[in-house]
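Undergrad: Following this message is one structure expressed as structure tokens.
The values are calculated or read from the model by the stated rules, or taken from the named source; none is laboratory data. Just so it is clear, the structure is predicted and the values come from calculations on it, not from any experiment. Ideal geometry is used to build each Cβ from the backbone, glycine not excepted, and the neighbour counts take in all protein chains shown. Note: accessible area is taken over every heavy atom of the protein model, side chains too, but ligands, DNA and RNA are not part of it. Shrake-Rupley method; radii C 1.70, N 1.55, O 1.52, S 1.80 Å.
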Amino acid sequence: MKKVLITGAAGYIGSHAVVDFHNAGYEVIGVDNYLNSEEGTYKRIAQITGKEIAHHNIDLRDKKAVFSLFKSEKDIDAVVHFAALKSVPDSVDNPIFCFDNNNNSTLNLADACSQFGVKHFIFSSSCSVYGNVTADQLPVTEETQLKRPESPYGYTKQNGEEMLHYFSDVKDVKIMALRYFNPVGAHPSGEIGELPAKRVNNLVPVITQSAAGVIDAFTVFGSDWKTRDGSCIRDYIHVSDIASAHTLAYEFLKKQDDEKFFDVINLGSGEGVSVFEAIKAFERATGVRAPYKVGDRRDGDVESIYSNPQKAKEVLGWEPKFDIEDMMASAWKWQQKLKELGMAVHKL
Ligand SMILES: NC(=O)c1ccc[n+]([C@@H]2O[C@H](COP(=O)([O-])OP(=O)(O)OC[C@H]3O[C@@H](n4cnc5c(N)ncnc54)[C@H](O)[C@@H]3O)[C@@H](O)[C@H]2O)c1
């Protein structure tokens with residue numbers, strides 16, 4: 001059985017990937033230092049898979065610890081690298097920590113892959129690498145010109161891709177960077193999902209939290225954008241669909257004859273959904289009202305961004321299985337689970 005090392009395995013997307021790789025028949029090893037997660041996630045993953053995976057508490061900035069992990073876990077065939085700081089506002093407040101954490105984790109893993117002969121590497125990238133996309137650039141393809149990212153976080157993704165690309169020019173490793181648009185929702189079982197952030201500002205968590213009464217009515221930032229209903233448009237994609245793309249990317253990389261390989265692929269639904277449409281989808285899917293108010297536009301917001309997911313379909317054979325109502329229904333189920341766990345508000 002091929003061994004796959006998943007970093008950030010206790011986190012939001014990583015935990016869903018653990019389930020997907022396990023279900024596809026791989027031996028999964030998790031790494032996380034619980035910077036933005038908790039070890040209890042592995043127990044809840046086991047509720048879904050029936051098996052608790054082997055896992056290690058390692059800060060991936062610690063090169064010595066990373067190397068001794070690769071030494072002790074022999075025959076790792078692939079690294080699927082989710083671990084990163086993902087908070088854009090935190091990265092703006094403390095860019096050095098974000099650069100140190102995200103870039104050095106990636107460097108140490110790449111170095112360990114080359115030292116220990118690991119042949120496959122999948123990198124969590126983001127649509128933030130495209131910077132401030134203008135209306136004439138939509139939908140965003142992999143050929144869309146990269147601009148200066150809007151945040152230090154976005155820069156770590158652009159930079160991470162570049163570092164790995166240069167690395168794959170000289171080392172026998174096949175690398176795929178997957179650029180996610182807006183991952184939302186939770187596993188249909190309701191056992192795993194996204195933990196509440198310190199500063200809740202993503203749309204789906206604010207919808208579920210306001211509907212649950214955890215926060216007051218949330219603000220829709222601007223209703224005067226030049227879109228079909230005046231609110232901003234984004235490309236939401238179910239987290240389980242994001243996870244399954246990684247398993248398909250690994251299958252794809254294994255089939256490549258060349259020892260050196262690098263490519264990037266967008267992961268989005270291809271459909272732009274407005275803020276008002278997302279709120280309505282939530283209310284349709286759950287029968288629950290999510291209180292909101294309309295405010296001014298927020299600095300730094302882009303009017304509209306959505307992907308062209310054609311390459312993911314052609315190269316990986318990947319197509320999203322879950323629609324916007326599935327995303328909302330599963331996010332709501334997870335909100336109930338958070339309440340049951342006593343974790344409905346940020347606890348980390
Ligand atoms: N969620 C999104 O909206 C989104 C969008 C685009 C890209 N991404 C990227 O996808 C990846 C996963 O995101 P997520 O939403 O699951 O985030 P998350 O915060 O839930 O998970 C990341 C995990 O990595 C761990 N981690 C961070 N730094 C570490 C370190 N130095 N050593 C060990 N573990 C460390 C955290 O504890 C956490 O469990 C990240 O790379 C993120 O940048 C996320």
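Undergrad: Applying a 10 Å radius around every beta-carbon, put 269-281, 330-342, 77-89 in order of their mean neighbour count, most first.
TA: On the way: 269-281: 20.5, 330-342: 18.5, 77-89: 23.2.
So the peptides 269-281, 330-342, 77-89, ranked by packing, come out 77-89, 269-281, 330-342.
Undergrad: Could you tell me the center-to-center distance, by alpha carbons, between the stretch 273-348 and the stretch 1-52 in angstrom?
TA: Using only Cα atoms to place each centre, the spacing works out to 23 Å.
Undergrad: What is the calculated FRET efficiency for Leu146 to Glu314, with r their C-beta to C-beta distance and R₀ = 22 Å, to the nearest 0.05? Don't jump to the answer; show the numbers that get you there.
TA: Values: r = 21 Å, r/R0 = 0.97.
According to the calculation, E is roughly 0.55.
Undergrad: Counting only the backbone N, which residues of the stretch 14-32 are under 15 Å from the spot 7 Å out from the Cα of Glu39 toward its beta-carbon?
TA: Under 15 Å, as judged by backbone N against the label point of Glu39, lie 30-32 of the stretch 14-32.
Undergrad: In whole Å and largest first, what semi-axes does the C-alpha gyration tensor of the chain yield when each eigenvalue is scaled by 5 and square-rooted? Walk me through the intermediate numbers first.
TA: Working: eigenvalues 196, 107, 69 Å².
In descending order, the three semi-axes are 31, 23, 19 Å.
Undergrad: Amide H to amide H, which residues 5 or more places from Ser304 or on other chains are under 5 Å from it, using H placed in the peptide plane?
TA: Ile233
Undergrad: Could I ask something else about it? Evaluate the charge dipole of the stretch 3-340 about its Cα centre and quote only its size in Debye, nearest 20, assuming +1 on the Cβ of each Lys and Arg and -1 on the Cβ of each Asp and Glu.
TA: Dipole of the stretch 3-340, to the nearest 20 debye: 480 debye.
Undergrad: Can you pull the accessible area of Cys232 for me, 1.4 Å probe, Å² to the nearest 10?
TA: Rounded to the nearest 10, that gives 10 Å².
Undergrad: Test of understanding: in a Gaussian network model of the chain with alpha carbons linked when under 10 Å, which of Asn33, Asn102, Asn202 would top the mean-square fluctuation ranking?
TA: Result for the chain, Cα springs under 10 Å: Asn202 fluctuates most.
Undergrad: Tell me the per residue accessible area of the chain using a 1.4 Å probe; a whole number in Å² is fine.
TA: Values: 15140 Å² over 348 residues.
Per residue, the chain has an accessible area of 43 Å².
Undergrad: Can I ask one more? Only Cα pairs within less than 10 Å get springs; with that Gaussian network setup on the chain, which residue of Tyr236, Tyr26, Tyr166 has the largest fluctuation?
TA: Tyr166
Undergrad: Let me ask another. Carbon and sulfur together cover what percent of the accessible area of the chain at a 1.4 Å probe radius?
TA: On the way: 7300 of 15140 Å².
Carbon and sulfur atoms account for 48 percent of the accessible area of the chain.
Undergrad: Follow-up question, since we're still on this one. In degrees between 0 and 90, to the nearest 10, how far off the longest principal axis of the chain does helix 324-340 point, with axes built from Cα atoms?
TA: Around 80 degrees separate the two axes.
Undergrad: Rounded if a/c is under 1.5, else prolate if a/b is larger than b/c, else oblate: which is the stretch 180-315, with a ≥ b ≥ c the root eigenvalues of its Cα gyration tensor? Please list the in-between numbers first.
TA: Working: a/c = 2.53, a/b = 1.71, b/c = 1.48.
Cα axes put the stretch 180-315 in the prolate bin.
Undergrad: Here is a further query. If you take the charge dipole of the stretch 244-344 about its Cα centre, with +1 on Lys and Arg Cβ and -1 on Asp and Glu Cβ, which of Gly287, Pro309, Pro320 is farthest toward its positive end?
TA: Gly287
Undergrad: Can you give the net charge of the other residues whose Cβ lies under 13 Å from the Cβ of Tyr26, counting K and R as +1 and D and E as -1?
TA: On the way: positive: Lys2, Lys3, Lys51, Lys254; negative: Asp20, Glu27, Asp75, Asp77, Glu251.
Neighbour charge sum, excluding Tyr26 itself: -1.
Undergrad: Roughly how many Å is it from the Cα centre of the stretch 80-145 to that of the stretch 150-217, as a whole number?
TA: Between the Cα centres of the stretch 80-145 and the stretch 150-217 lies a distance of 10 Å.
Undergrad: Under 5 Å between amide hydrogens, which residues at least 5 positions from Ser126 or on another chain qualify, with H placed 1.01 Å from N in the peptide plane?
TA: Tyr180
Undergrad: Once phi is turned into ³J(HN,Hα) by the Karplus curve 6.51 cos²θ - 1.76 cosθ + 1.60 with θ = phi - 60°, what whole-Hz value does each residue of the stretch 87-94 show in order, with x for glycine and proline?
TA: Ordered by residue, 3J(HN,Hα) equals 6, 5, x, 5, 5, 6, 5, 9 Hz.
Undergrad: List, in order, the whole-Hz ³J(HN,Hα) value for each residue of the stretch 313-321 obtained from phi through the Karplus relation with A = 6.51, B = -1.76, C = 1.60 and θ = phi - 60°; use x for Gly and Pro.
TA: 5, 5, 7, 9, x, 9, 9, x, 9
Undergrad: Let me ask something else. Under the rule of at least 5 residues apart or a separate chain, name every residue whose amide H is placed under 5 Å from the amide H of Val294.
TA: Here Val220 satisfy the definition.
Undergrad: Mind telling me which of Lys171, Lys226, Lys311 comes out most flexible in a GNM of the chain, alpha-carbon contacts under 10 Å?
TA: Highest fluctuation among the options: Lys226.
Undergrad: Could you check the simple spin-label distance between Lys51 and Lys260, using points 7 Å along Cα→Cβ, in nm with one decimal?
TA: In this crude spin-label approximation the distance works out to 3.6 nm.
Undergrad: For the stretch 93-188, what is one quarter of the convex hull surface built on the Cα atoms, given in nm²?
TA: Values: hull surface 32.6 nm².
If I average the Cα hull's projected area over directions, I get 8.1 nm².
Undergrad: Same structure again: How far apart, in nanometres, would the label points at Lys2 and Lys293 be if each is projected 7 angstrom from Cα along the Cα-to-Cβ direction?
TA: 5.3 nm
Undergrad: Order the peptides 259-267, 61-69 from the highest to the lowest mean number of other Cβ atoms within 10 Å of their residues.
TA: 259-267, 61-69
Undergrad: Quick one: angle between helix 239-255 and the longest Cα principal axis of the chain, in degrees between 0 and 90, rounded to 10, please.
TA: The two axes meet at around 30 degrees.
Undergrad: Using only Cα atoms and rounding to the nearest 10 degrees, what angle (0 to 90) does helix 95-116 make with the longest principal axis of the chain?
TA: Helix 95-116 sits at roughly 30 degrees to that axis.
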